[in-house]
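**Student:** Below is a structure I'd like to ask you about.
Read-outs: derived from the displayed coordinates by stated rules, not from any lab. All figures in this text were calculated on a predicted structure; none of them were measured in a lab. Cβ placement follows ideal geometry from the backbone for every residue including glycine, while neighbour counts extend to all protein chains displayed.
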Amino acid sequence: MTTEPTRPPEPSDRPDPPAADPAALAALDGTPEFQRLRTAFRRFVLPATAAFLVWYLLYVVLSAYARGFMGAKVVGHVNVALVFGLLQFLSTFLIAWAYERYARRTLEPLAAAVGEETP
Amino acid sequence: MTEQRTISVVLFAVFVALTLFITVRASRQTRTAADFYAGGRSFSPLQNGLALGGDYMSAASFLGIAGMFALSGYDGFLYSIGFLVAWLVALLLVAEMLRNSGRFTMADVVAFRMRQRPVRAAAGISTIVVSIFYLLAQMVGAGALVSLLLGTSGEAAKIWTIVVVGALMIFYVTVGGMKGTTWVQIVKAVLLLIGAFVMTVWVLAKYGFDLSDLLGAAADRSGKGDAFLKPGLKYGATDAWSKLDLLSLGLALVLGTAGLPHILIRFYTVPNARAARASVNWAIGIIGVFYLMTLVIGFGAAALVGGKAIAAQDKGGNTAAPQLAEHLGGGAGSTGGAVFLAVIAAVAFATILAVVAGLTLASSSSFAHDLFANVLKRGKATERDEVRAARFSAIVIGAVAIVLSIFARGLNVAFLVALAFAVAASANLPTLLLSLFWRRFNTAGALAGIYGGLVAAVGLVLLSPICWGGASDTLPKGNADALFSADTVAPFPLQNPGLLSIPIGLLCAVAGTLLSKSRTDERFAELEVRALTGRGAH
């Protein structure tokens, strides 16, 4: 197993913080606090990713294979394809907003609790 | 025309002077490697969000997508939506974890728990390949575009444009590093947003802010009626393959963005993961609004200028937005028309210049940090040597890009942008995600994934109708502009390789992993803690 080579100290007024002890970090992986963080992270991120990918691919597949449906008029010259496209924008904005909220309320406190006693 | 040309050149000169000034100022604050590669990690989320937008909203997405709306109607939307949705991959799966666990490049994360030299070499190579493809497309496009916008014809003008664009991008990167380049992106993004906003409001005002009216007018003027407003004029009108091509393109767009090196290195320019997340959110907002504006601009050009007049200037539609500006300003021959056209043309130059600078920075960072410092010098290079190597490689990569672009100036290289996304989606994203999420992943898997995805994406394009244009039963139209031959039938029928090359990249990574007994559980534990908590982050 190779580890990153140690780097010379930086001659900077804004140095990168000193390297953390790898073994101490790795040891945190098994703690219940970290397990909770990982579970909470995956519980949001994986379903959200699956959802937006399926929703986007549905849009692309309908654009390729269901052109009659996509061309149906909704109101005036606005058709299903345009509404569907605009909904993709809306869903993207909503997921980004929801994740920001979840990260601040749930993930950041959980991350702060990891390894509290052994920094 | 001459009046407009003068104004364009003056405005562009002002932009160049301003950005050169900013770059020289930034150079005084660029001392360490963290300054050069990551802008001192001191940008705010809004600044980095604008810079992400600046790096991403290329001339291809401004002029190209507006042109696609103007000539092919709805199909422009398929592009812009893919480009936008892709940012969710970056937000949810990449940005924060990369910021927490890496230092300067994508390879920092991919190689974290692997054997450094081979994996960094592979990640560095794919970074440079993606960046060079993208760079060539932008620079060749710049040559053609400037000729169109300034009304100069002839090869000398194209060559000069490529040389000037190349020289400026080398200057921004070598002198200003990430700090200078980021400020160039910010200035460009603000100019582009203002320009697009003015055009959008102006177009909407002409139709009483009724989108339906605008769409109706565009459909009428196009002569294609309602077909203009639904998908299919550009994609899938002719045969079954082109529908699969559309799926293949969509997949590469949505999965490629979070594997583009010049986007990834931006996540290191902010102080911490929270700021990285916030900057992606800004980028999503900025880019989303921008693509909504290109919809109005493109349909506005179709309705007000008309597809015929646009195609007469450029059959790819790249002049739709500038022609619309001329029309809005009062039409050809009027002072207002000349001024507004000149403004939009100058914004388009600024856009190209900023994007090529970002790409040059990404490839020279990876060259210096991955290939020079870690592969050649085995991690023993000093920071000063590393930064010197980065500056030197920016000059070399820039020079190579200039020469290649000059040779490629007569070719239709727009496909290189889609190919860059396909390589990023096939080689970079799978290995990046597997190294962050899969405990069992190892060196053999990373190497197989990167090289497999890279070879699959590039190889399939070499076998595609882009290179071999012969018509066949299933591809009745063929491709008269094919690079190698216009009558040999392409062995692989799709122009976009993603549908096949992304699964190949992923399968290679998984198979390579399982065929090797090597495990890196201890280092994975460390990586996971770093990535999710930010402990030990640079």
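**Student:** Could you tell me the ratio Rg/Rh of the protein assembly as shown? Both radii from Cα atoms, Rh via Kirkwood.
**Tutor:** 0.96
**Student:** Another question, if that's okay. Quick check for you: which residues of the stretch A:31-65 have the amide N under 19 Å from the point 7 Å beyond the Cα of A:Thr106 toward its beta carbon?
**Tutor:** Within reach of a label on A:Thr106, which here means backbone N under 19 Å from a point 7 Å along Cα→Cβ, the stretch A:31-65 contributes A:32-53.
**Student:** Would the stretch B:1-141 count as rounded, prolate or oblate if I go by the C-alpha gyration tensor, calling it rounded below 1.5 in a/c and otherwise prolate when a/b exceeds b/c, oblate otherwise?
**Tutor:** Oblate, since a/c reaches 1.5 and b/c is not below a/b.
**Student:** Could you work out how far apart the two model spin labels at B:Ser472 and B:Lys380 are, taking each label as a point 7 Å from the Cα in the direction of the beta carbon, and quote it in nm?
**Tutor:** 5.4 nm
**Student:** Over all distinct alpha-carbon pairs, what is the Kirkwood Rh of the stretch B:411-489 in angstrom?
**Tutor:** Kirkwood radius, the stretch B:411-489: 14.1 Å.
**Student:** Let me check I have the definition right: for the stretch B:381-439, take the eigenvalues of the Cα gyration tensor, multiply each by 5, take square roots. What are those semi-axes in whole Å, largest first?
**Tutor:** Result for the stretch B:381-439: semi-axes of 28, 25, 5 Å.
**Student:** Collect residues whose amide H, placed 1.01 Å from N in the peptide plane, falls under 5 Å from the amide H of A:Val74; neighbours closer than 5 in sequence don't count.
**Tutor:** A:Asn79, A:Val80
**Student:** Suppose every Lys and Arg Cβ carries +1 and every Asp and Glu Cβ carries -1, with no other charges. What dipole size does chain B come out with about its Cα centre, to the nearest 20 debye?
**Tutor:** That gives a dipole near 1820 debye.
**Student:** In addition: DSSP loop chymotrypsin sites (Phe, Trp or Tyr not before Pro) in the stretch B:149-215 with at most 16 other Cβ atoms within 10 Å of their Cβ, which ones? Kindly include the intermediate steps, with their values, before the conclusion.
**Tutor:** Values: sites: B:Trp160, B:Phe171, B:Tyr172, B:Trp183, B:Phe197, B:Trp202, B:Tyr207, B:Phe209; in loops: B:Tyr207, B:Phe209.
Answer by residue number: B:Phe209.
**Student:** Indicate the gyration tensor shape class of the stretch B:320-411 (rounded, prolate or oblate), computed on the Cα atoms with a ≥ b ≥ c the square roots of the eigenvalues: a/c under 1.5 is rounded; otherwise a/b larger than b/c is prolate and the rest oblate.
**Tutor:** Note, shape of the stretch B:320-411 comes out prolate.
**Student:** Ordered by residue, what ³J(HN,Hα) values in Hz, to whole numbers, does the stretch A:58-67 give under the Karplus form 6.51 cos²θ - 1.76 cosθ + 1.60, where θ = phi - 60° and Gly and Pro are x?
**Tutor:** Listing the rounded values in order: 4, 4, 5, 5, 5, 5, 7, 10, 10, 6 Hz.
**Student:** At a 10 Å Cβ-Cβ cut-off, how would you order B:Leu98, B:Leu506, B:Leu404, fewest neighbours first?
**Tutor:** Ranked by crowding around the Cβ, least crowded first: B:Leu404, B:Leu506, B:Leu98.
**Student:** Rounded to the nearest 0.05, what FRET efficiency do B:Ala309 and B:Ala17 have when you use their Cβ-Cβ distance and R0 = 35 Å? Walk me through the numbers before you get to the answer.
**Tutor:** Values: r = 34 Å, r/R0 = 0.97.
Once rounded, the FRET efficiency stands at 0.55.
**Student:** Beyond a 23 Å Cα-Cα separation, which of these cross-linked pairs lie in this structure: B:Lys188/B:Lys234; B:Lys206/B:Lys308; B:Lys377/B:Lys517; B:Lys224/B:Lys308?
**Tutor:** B:Lys188/B:Lys234; B:Lys377/B:Lys517
**Student:** Okay, moving on. Could you calculate the contour length gain from A:Phe69 to A:Ala50, that is, 0.36 nm times the residue separation minus the distance between their Cα atoms, to one decimal place in nm?
**Tutor:** Stretched fully, the A:Phe69-A:Ala50 segment lengthens by 4.4 nm.
**Student:** Using the 10 angstrom Cβ neighbour count as an exposure proxy, how do B:Thr30, B:Thr152, B:Thr360 rank, fewest first?
**Tutor:** B:Thr152, B:Thr30, B:Thr360
**Student:** In whole Hz and in residue order, list the ³J(HN,Hα) couplings for the stretch B:444-454 that follow from phi through the Karplus curve 6.51 cos²θ - 1.76 cosθ + 1.60, θ = phi - 60°; x for Gly and Pro.
**Tutor:** Whole-Hz 3J(HN,Hα) from phi for the stretch B:444-454: 4, x, 5, 5, 4, x, 5, 5, x, x, 5.
**Student:** Quick check: residue separation of A:Arg36 and A:Leu87 times 0.36 nm, minus the Cα distance between them. What number comes out in nm?
**Tutor:** Stretched fully, the A:Arg36-A:Leu87 segment lengthens by 15.0 nm.
**Student:** Let me ask you something else. Report the semi-axes of the equivalent ellipsoid for chain B in whole Å, largest first, where each axis is √(5λ) for an eigenvalue λ of the Cα gyration tensor.
**Tutor:** Gyration-tensor ellipsoid for chain B: 37, 27, 21 Å.
**Student:** Tally Lys and Arg at +1 and Asp and Glu at -1 over the other residues with C-beta under 13 Å from the C-beta of A:Leu37: what net charge comes out?
**Tutor:** 0
**Student:** Just to verify a number: FRET efficiency for B:Val489 and A:Val61, C-beta to C-beta distance, R0 = 41 Å, to 0.05?
**Tutor:** Values: r = 28 Å, r/R0 = 0.67.
The calculated FRET efficiency here is 0.90.
**Student:** Can you list the aspartates and glutamates whose alpha carbon sits under 18 Å from that of B:Lys477, skipping same-chain ones fewer than 8 residues off?
**Tutor:** Within reach: B:Asp239, B:Asp245, B:Asp487.
**Student:** Through the Karplus equation 6.51 cos²θ - 1.76 cosθ + 1.60, θ set to phi - 60°, convert the phi angles of the stretch B:415-420 into ³J(HN,Hα) values in whole Hz; use x for Gly and Pro.
**Tutor:** 4, 5, 5, 4, 5, 4
**Student:** Straight-line reach from B:Lys158: which lysines fall under 19 Å, measuring Cα to Cα and dropping same-chain residues less than 8 apart?
**Tutor:** Correct list for B:Lys158: B:Lys315.
**Student:** A further question on this structure: Find the all-direction average of the projected area of the Cα convex hull for the stretch B:163-296, expressing the result in square nanometres with one decimal place.
**Tutor:** Here the figure is 11.9 nm², rounded to one decimal.
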